[in-house]
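Quick notes on the structure that follows.
The values are calculated or read from the model by the stated rules, or taken from the named source; none is laboratory data. Predicted model, so just to flag it, every value in this text is computed and none were measured. Positions of Cβ are generated from backbone atoms using ideal geometry, with glycine treated the same way; all protein chains shown enter the neighbour counts. In case anyone asks, the SASA skips ligands and DNA or RNA and just uses the protein heavy atoms, side chains included. Shrake-Rupley method; radii C 1.70, N 1.55, O 1.52, S 1.80 Å.
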Amino acid sequence: MSKPQVVFVLGGPGAGKGTQCSNIVSKFGFVHLSAGDLLRAERSKPDSMFGELIDSHIKNGTIVPVEITCKLIQNAMEASAASRFLIDGFPRNKDNMIGWDTTIGDQVDLLFVLFLECSENVCIERCMKRGAAGSGRADDNLESLKKRIVTFVNDSMPIIEYFKEKNLVKRVEAEKNAEDVWSDIIELFKNI
Ligand SMILES: Nc1ncnc2c1ncn2[C@@H]1O[C@H](COP(=O)(O)OP(=O)(O)OP(=O)(O)O)[C@@H](O)[C@H]1O
Ligand SMILES: Nc1ccn([C@@H]2O[C@H](COP(=O)(O)O)[C@@H](O)[C@H]2O)c(=O)n1
């Protein structure tokens, strides 16, 4: 049997990963797994051993240990009958990368990495707007956002550079309006 296919979706906070993933799901039949959503769901479970730890990382914009995140992703993949997954917001740092490679990495086909490139100012502006509109996210505030940007630049960008060297990155200009970003993404997915 062939291995499940995976596309990693990376970009700064508010770059539009979730927005575009839901478009890709509708048109191309992938299953969307957001590492952030999986962590928020785990944090909300009253019996979770990791609730406080996850909460503290989310508020500080730092990255939860990969053992937790990878297990959540693995469980979600196993619970799905799908053969194609968008994994959004992962791998986010070297720890994520190593954890993935040593657990699930061999069991899937990584097709490519979709990188939504967006400036810091636009990322912050979008998340602040999302927070003001009532996202309810503990990290859609200026203090957390500044920390999330630092983590993105210091920890996540090197991962994107690593994938670039392997010719695996498909970059999209994510500052355009959402419809135009989507048009560009269609071109990247239509022949796979
Ligand atoms: N191209 C765009 N132009 C303007 N606003 C956008 C665009 N794409 C997404 N948005 C809006 O910006 C906010 C963040 O988008 P989204 O949640 O898709 O980003 P994200 O990259 O998944 O964020 P995070 O990493 O914080 O979860 C949302 O309110 C969304 O509606
Ligand atoms: N691989 C990951 C992904 C996310 N986190 C934590 O969740 C926060 C929110 O993530 P979003 O993708 O929904 O923006 C993020 O700032 C991290 O604290 C993580 O630890 N590891």
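Basic side chains Lys and Arg get +1 at the Cβ, acidic Asp and Glu get -1 at the Cβ, and with that the dipole of the chain about its Cα centre reaches some 200 debye. Taking the 1.4 Å solvent-accessible surface of region 112-192 as the whole, the part contributed by carbon and sulfur is 49%. Local charge for Cys127 was computed over the other residues whose Cβ lies under 9 Å away, with Lys and Arg +1 and Asp and Glu -1, and equals +2.
Give me the percent of Cα-Cα pairs in region 1-51 that sit more than 19 Å apart, rounded to a whole number. Each step should come with its number before you reach the end.
Numbers: 542 of 1275 pairs.
Of all Cα-Cα distances in region 1-51, 43 percent exceed 19 Å.
Counting only the Cα atoms, the chain fills a convex hull of 122 Å³ per residue.
For the chain, what does the accessible surface come to per residue with a 1.4 Å probe? Please give it in Å². Don't skip to the end; give the middle numbers.
Values: 9930 Å² over 192 residues.
Heavy-atom accessible area per residue stands at 52 Å².
Using a simple spin-label model with pseudo-atoms 7 Å out from Cα toward Cβ, Glu161 and Met49 lie 3.6 nm apart. For Arg92, the accessible area of its heavy atoms, probed at 1.4 Å with every protein chain present, is near 80 square angstrom.
For Leu111, the accessible area of its heavy atoms, probed at 1.4 Å with every protein chain present, is near 50 square angstrom. Placing a label point 7 Å from the Cα of Ser2 along the Cα-to-Cβ direction, the residues of region 168-192 whose backbone N falls under 20 Å of that point are 168, 187-192. For region 1-25, the residues whose amide N sits under 18 Å from a probe point set 7 Å from the Cα of Asp184 along the beta carbon direction are 8-24.
Using 0.36 nm per residue, how much length does the chain from Ser83 to Ser22 gain when fully extended, once their Cα-Cα distance is taken away?
Values: separation 61, 0.36 × 61 = 21.96 nm, distance 1.67 nm.
Stretched fully, the Ser83-Ser22 segment lengthens by 20.3 nm.
Exceedance of the 26 Å cut-off in Cα-Cα distance is limited, within the set Lys129/Lys164; Lys147/Lys190; Lys27/Lys176; Lys71/Lys146, to Lys129/Lys164; Lys147/Lys190; Lys71/Lys146. For Glu173 and Ala41, the difference between the fully extended length at 0.36 nm per residue and the C-alpha to C-alpha distance is 44.5 nm.
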